[in-house]
Every structure is written in C-alpha cells, then in structure tokens.
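J.: What follows is a single structure, and I will ask about it in a moment.
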Amino acid sequence: MSTQEERNKILRKHHYRWQKIRGKWILLGPDGWRTTEEEAEQIIQRAGEPLAPQQWAQQMLEQHALILDTETTGLDPARDEIIDIALVELDGTVVLDTLVQCQGAVPAAVTKLYGISKEMLEGQPTFPEMWQQLSPHLTRPLVIYTAAYDIPMLAYGALRYHIRMARPVAHCLMAHYAEYQGGPDGSYQRLEVACQKLEIGIGAHRALSEAQAARQVLLHIAGSG
C-alpha cells in the first residue's frame with residue numbers, strides 16, 4: 001500500500017491540489033473542482049497518455065475556449081468574494097468585464113493591489129446579476145490561469161447566493177505552462193513570471209488585463225503567439 005506522501009506525489013503529477021477551505025483540506029482536480037482521492041485515483045488509472053502542452057493548447061483553440069480571470073477580496077473561497085471578473089474570446093474580444101459588489105469589506109491590501117475599493121463597487125452588479133451574464137457561457141470550455149483559485153471562488157460564490165453551478169469544463173493554464181517550460185516535473189509559475197519569460201505585457205493587476213495576458217500565453221504555447 002502506498003504512503004500518503006507517495007499518493008500526493010502522484011496526485012501532484014496529474015495536477016491535483018490540496019487547498020484549505022473552512023479549516024479543512026479539500027482535494028481539487030485539475031479543473032479546480034472539488035473531488036476525492038478515490039475519484040482522482042480512478043480517473044488517473046483510466047486516463048491515457050496526456051496531451052503535450054502544445055497539443056492541448058491547439059485543442060483549446062479548436063474548441064473555441066474562453067479565457068476567464070477573477071480578482072477577489074482574499075484567498076479563502078468560503079469567506080472571500082469575487083469583486084472583478086473578465087471573460088474573453090481567443091481573439092481578444094471581451095465577453096464580460098465587470099466589477100462585482102461584495103457583502104464584506106475590501107481589505108486595504110486588496111485595494112492597494114488591484115486599485116479596487118469598496119466605494120468603487122457601489123452600484124456595480126451583484127453576484128447574482130453578474131452570474132446572469134456569465135452563466136450562458138459556462139457551457140464552453142474555459143481556460144483559467146489558476147483554475148484551483150478561480151473555480152472554487154465561483155462555486156462558493158454561487159453557493160452563497162443559492163445558485164446551482166454545474167461542473168464546468170475548465171482547464172488550468174498554469175499546469176500546462178509548467179509542463180511547457182519544465183516538462184512533467186515543471187514547477188508552477190505565477191502569471192506575471194510566465195509573461196515576463198515570454199515577453200508578454202500584462203498591464204494592470206485586474207481581471208481583464210490578466211485574462212488577456214493568459215490568452216497570449218495560451219497562444220504562445222499553441223504556437224500561434
């Protein structure tokens with residue numbers, strides 16, 4: 001029987017990640033959706049040889065994936081909230097770009113980082129109003145730089161407002177970029193680091209500029225950048 005350390009190594013190799021939510025460690029799949037070790041092991045055993053990063057990126061282009069990014073009030077999806085969200089097409093067309101009202105406070109550190117204050121959110125769409133704009137597009141594949149961050153934020157946000165969220169077809173660009181740069185054992189890199197490496201301008205620390213930057217990373221991996 002394998003040890004927990006050995007199992008975690010296998011999970012990590014297939015881009016499963018442990019995240020602490022509400023004081024408990026939760027296993028997230030490569031798409032950022034909550035799962036269990038048993039389910040993960042079954043999926044890994046059934047899975048064939050994964051696509052190379054360039055093949056995967058080209059597949060995303062063929063499937064007309066959308067690029068999603070969010071900014072939030074913190075890192076805990078059970079407590080923190082989305083305050084900025086963007087969705088763009090592969091050609092850069094903006095599908096959604098909006099600030100989002102939040103119930104709680106916006107920490108000073110968040111305002112300093114994103115330039116978003118609580119006052120700026122007054123009169124902006126609420127989460128349910130934003131969801132009405134977003135949900136029609138969730139049937140399409142999503143490419144998210146850090147799916148393990150954005151998908152739980154969306155899922156717990158929906159839960160907070162009693163909105164049912166189906167599991168989207170989401171892909172973690174950071175995981176594929178890690179393999180693109182360093183092979184199967186490549187390390188995860190922040191979007192800013194990836195953009196600097198690929199000489200991609202990222203602009204302001206906001207959802208739209210980061211979605212556009214992630215789009216360019218995807219195109220670069222696909223060989224179209």
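J.: GluC sites (Glu not before Pro) within the stretch 67-131: which are DSSP loop residues with at most 13 other Cβ atoms inside 10 Å? All intermediate terms of the calculation are to be shown ahead of the outcome.
T.: Numbers: sites: E71, E81, E89, E119, E122, E129; in loops: E81, E89, E122.
Here the GluC sites (Glu not before Pro) that fit, given the DSSP loop and packing criteria, are E122.
J.: Still on this model: Net charge around P136, counting only other residues with Cβ within less than 15 Å of its Cβ (Lys, Arg = +1; Asp, Glu = -1)? Let's see the in-between values first.
T.: Numbers: positive: R140, R164; negative: E89, E129.
Once positives and negatives cancel, what remains is 0.
J.: Something else: Would you calculate, for the chain, the mean residue ellipticity at 222 nm contributed by helices, counting each DSSP H stretch of 4 or more residues as -39,500 (n - 2.57) and dividing by all residues, to the nearest 500? Don't jump to the answer; show the numbers that get you there.
T.: On the way: 9 runs with 93 residues, N = 225.
For the chain, the value works out to -12500 deg cm²/dmol.
J.: Taking the number of other C-beta atoms within 10 Å as the exposure measure, put H64, H220 in order starting with the fewest. Don't jump to the answer; show the numbers that get you there.
T.: Details: H64 11, H220 20.
Ordered from fewest to most neighbouring Cβ atoms within 10 Å, H64, H220 come out as H64, H220.
J.: Still on this model: Based on other C-beta atoms within 10 Å, arrange C172, C195 from fewest to most.
T.: On the way: C172 26, C195 21.
Arranged by neighbour count, lowest to highest, C172, C195 become C195, C172.
J.: Give me the one-decimal nm value for the distance between modelled label points at Q132 and I43, 7 Å along each residue's Cα-to-Cβ direction.
T.: Rounded to a tenth, the inter-label distance reads 3.3 nm.
J.: Using unit Cβ charges (K, R positive; D, E negative) and no other charged atoms, how large, in debye to the nearest 20, is the dipole of the stretch 52-222 about its Cα centre?
T.: Values: 11 positive and 19 negative charges, 57 e Å.
I would put it at about 280 debye.
J.: Relative contact order (percent) for the stretch 52-222, with alpha-carbon contacts under 8 angstrom and 6 or more residues of separation?
T.: Details: 290 pairs, mean separation 47.8, N = 171.
RCO, the stretch 52-222: 28 percent.
J.: Grab the other residues whose beta carbon is less than 15 angstrom from that of P184, score K and R as +1, D and E as -1, and report the net. Present the calculation step by step, with values, prior to reporting the outcome.
T.: Working: positive: K9, R12, K13; negative: E49, E179, D185.
Every neighbour counted, the sum reads 0.
J.: Using a cut-off of 14 Å between beta-carbons, work out the net charge of the residues near K112 (Lys and Arg +1, Asp and Glu -1, K112 not included).
T.: Details: positive: K118, R206; negative: E71.
My count for the surroundings of K112 gives +1.
J.: Restricting to bridges with both residues inside the chain, how much of the DSSP beta-bridge set is antiparallel, in percent to the nearest 5? Show your work: numbers first, answer last.
T.: Values: 18 of 24 bridges.
Approximately 75 percent, going by the DSSP bridge assignments.
Taken together, the values in this text are just the output of simple stated rules run on the coordinates, not laboratory data. Everything numeric here is computed off the predicted structure, so don't read it as measured data. Neighbour counts are summed over all protein chains in view; Cβ atoms, including those assigned to glycine, are modelled from backbone coordinates with ideal geometry.
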